Structure formats: structure tokens, C-alpha cells
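Every read-out reported here was derived from the displayed coordinates using simple, explicitly stated rules and does not represent laboratory data. Keep in mind that what you see is a predicted model, and the values were worked out from it rather than measured. Virtual Cβ from ideal backbone geometry, glycine too; neighbours counted across all protein chains shown.
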């Protein structure tokens, strides 16, 4: 057991996927558009309304009745996930390198079927992952309910901004169906759910609360990023949208996870002050090779970094301030959509 823990979101910092969106797009007619509408509704409930006991990422619960209408089963989710992992460049290098330096955890809102596939691919023990546990085989609708849910889908697609209609559909109409009792008990690991996962990690590893690095990219990462920052840890937005950038202390904008590896390598062997000083020096240096030498960055990491970035278009690593926020956000969202695509990059 190491003194410090590296805790990462999955979709964004490690993979280019949005597995639930991709499942919806494949399995449901107009499912991609439906998922995008529900994702915006989810952001609205979590960030604007601040609905009581509502967690960011609940799109994964809202979409479930529509999956049931298409008879989606656990085995379908497993097969699709195994065959559709698209990783961020060098994310496997990041995790393999850090195995010898820090405790590694994946804390994700994604369905467990996908996270198990990713953990196998990334060679991270599945017991070191946290995820949304959904048993599709236990969710059922009768014929009349299936017809109603399909009608609800059309209403949502035809009225994409009518959130009063959505409230009625999800918290009144579907709430009267038998499936709702099982769906409402599903614990989505997003927002507060991710922070609770971090509490468990700290307790399990018996580490000091400030000896953690958390990296995320979306609205579901706000609470853990804020928690890490408030308690003296490292908080990083990786190609994030406006939600993580409002609370993260550090922004990484990069097509490759080797940039994350550089920061994690410094943190594994030093304190937070050293990391912040490196970022300051990185942004003023005209000789990064010399800088990496002075900070004793591991030779493998150094070689990989300069292999990926050959002297042009070095990645952005910034301490986020009020003054640079808008510029950082613009660059971050551009990179986000560039490497993940407009549909996935545009999700909250």
C-alpha cells in the first residue's frame, strides 16, 4: 500500500466512450437523441433545480425503461462493452506506470458491465473500481407499460425542452409502474456518489485525506474534485467542460494521458507545492527537456512525453484562475469534442 492514491474517472480521462449513450444509440431507435435530451434534463435537475436526493449522472437511471422496451439484457451490455472500448491515447501506459507509485482507483458513473470490461483491458483490479450497479435482467415492464414508455419516448423527442412534461413522465407516470421500485434503489455513482466512494477509499487505505489526486471531466466529478481541493489534494480537470473547470485547481488539455502521467509522477514523489511549482515553471520554460530533468521525472515518462509531443503543440497544463478560466474552458472544450466527437463531447 502506498501513501498516496490516484483516483480517476473513467470516461474522459481514460476512455473516449460514453458507454450509456452508445448503448442507447445502438439499441433504441433515435436513442442517441433521446439520451442527449435526458442528459440535459439531468444537468438541469442536478445543477439548476438541485433536486433533493438527486445525483448528477442519473441519466443512467432515466434511460433504463427505454432499454427494457428493447429487451436489453446484461449479456448484451457485457458484449457491447467488451467490443467497444476506445481508450485515450496512453491511458494504459499511465495506469501501468502508476502501479509502482500510487494506489490506483477508477471511480465512474458508468454501468458495472462497462467498467468490468475496462478494468480487464486496463489491467486494473475490478475490486479497485466503483460504478453504477444495474441488473438489467431484473427489470421488466408488462405489455401496456411498454406501450406507454414508447409513447413517452415520442413525447420527449417532440418536446425536448419541456421539463415539466419530463417531471410528470419520470416522477409521476413511470413512478406508478412496478419497475420504478427497482430503479429508484439503484445507487448512481455520480456527484455525491463519487465523493462517498472516495470516503471508502480513504478508509480502506488508511491514507491521510490530503494524499490523493482526483481527475475528472464532467458534472459528475464536481463533488470529488471539490473534496480533493478543499482537503489539500490534487484536483485536475482533464479536457473538462465548464462543470469540473469551475472547481478543479489544475486543467490538463491534452490528446494523451502521458500528460497526466507527468503530473502524477511528480506528485507520487513530492508534495502538492512541488506540483504547482512545476506547472508554473512549465508555462515559463523554453527548454522542457531541461525542466523534466530538474524535476527528476522518470525516464520512461520523459521519453514517452517527448515521443508523443515532438516539439510542437505541447499540451496545456494550467492552474485555473478567474483570469484564465474562459480561455482554458474554450481550449478544453475544443480538445474534448476533437478527440471524443461532438455528440459525446457535448454531454454534461
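Each label point was placed 7 Å from the Cα along the Cα-to-Cβ direction; for residue 29 and residue 173 their separation is 1.7 nm. Between 0 and 90 degrees, the angle of helix 143-158 with respect to the longest Cα principal axis of the chain falls at about 60 degrees.
Averaged over residues, the count of other Cβ atoms within 10 Å places the peptides 277-290, 93-106, 242-255 in the sequence 242-255, 93-106, 277-290, highest first. Inter-part distance, region 16-79 to region 230-309, computed on C-alpha centroids, equals 33 Å. Shape of the chain from the C-alpha gyration tensor: prolate (a/c of 1.5 or more and a/b above b/c, with a ≥ b ≥ c the square roots of its eigenvalues). Which whole-number percent gives the relative contact order of region 255-335, counting Cα pairs below 8 Å spaced six or more residues apart? Computed over region 255-335, the figure is 37 percent. Compared with the dominant Cα axis of the chain, that is its longest principal axis, helix 74-83 is turned about 40°.
Answer rounded, prolate or oblate for region 49-113, using the Cα gyration tensor with square roots of eigenvalues a ≥ b ≥ c: rounded when a/c is under 1.5, else prolate when a/b is larger than b/c, else oblate. Because a/c hits 1.5 or more and a/b fails to exceed b/c, region 49-113 counts as oblate.
Between residue 276 and residue 323, the C-beta separation translates, for a Förster distance of 22 Å, into a calculated FRET efficiency of about 0.85. With an a/c value of 1.5 or above and a/b larger than b/c for the gyration tensor axes a ≥ b ≥ c computed over the alpha-carbon atoms, region 1-144 is described as prolate. Label sites at residue 127 and residue 86, each approximated as a point 7 angstrom past Cα along Cα to Cβ, lie 3.4 nm apart.
Would you look at the GNM of the chain, springs on alpha carbons closer than 10 Å, and say which of 310, 199, 30 moves the most? Its mean-square fluctuation being the largest, the pick is 310. Between residue 144 and residue 204, the FRET efficiency estimated from the beta carbon spacing at R0 = 56 angstrom works out to 0.75.
For residue 284 and residue 331, FRET efficiency with R0 = 22 Å and r from the beta-carbon atoms, rounded to 0.05? Result of the calculation: an efficiency of 0.75. Across region 133-264, Cα pairs under 8 Å and at least six residues apart give a relative contact order of 16 percent. To the nearest ten degrees, helix 112-122 and the longest principal axis of the Cα atoms of the chain are 30 degrees apart.
The relative contact order of the chain comes to 21 percent, based on Cα pairs under 8 Å that sit 6 or more residues apart.
In the chain, helical runs assigned H by DSSP with n ≥ 4 each contribute -39500 (n - 2.57); averaged across all residues and rounded to the nearest 500, the mean residue ellipticity at 222 nm is -14500 deg cm²/dmol. Fully extending the segment from residue 343 to residue 154 would add 66.0 nm, taking 0.36 nm per residue of separation and subtracting the current Cα-Cα distance.
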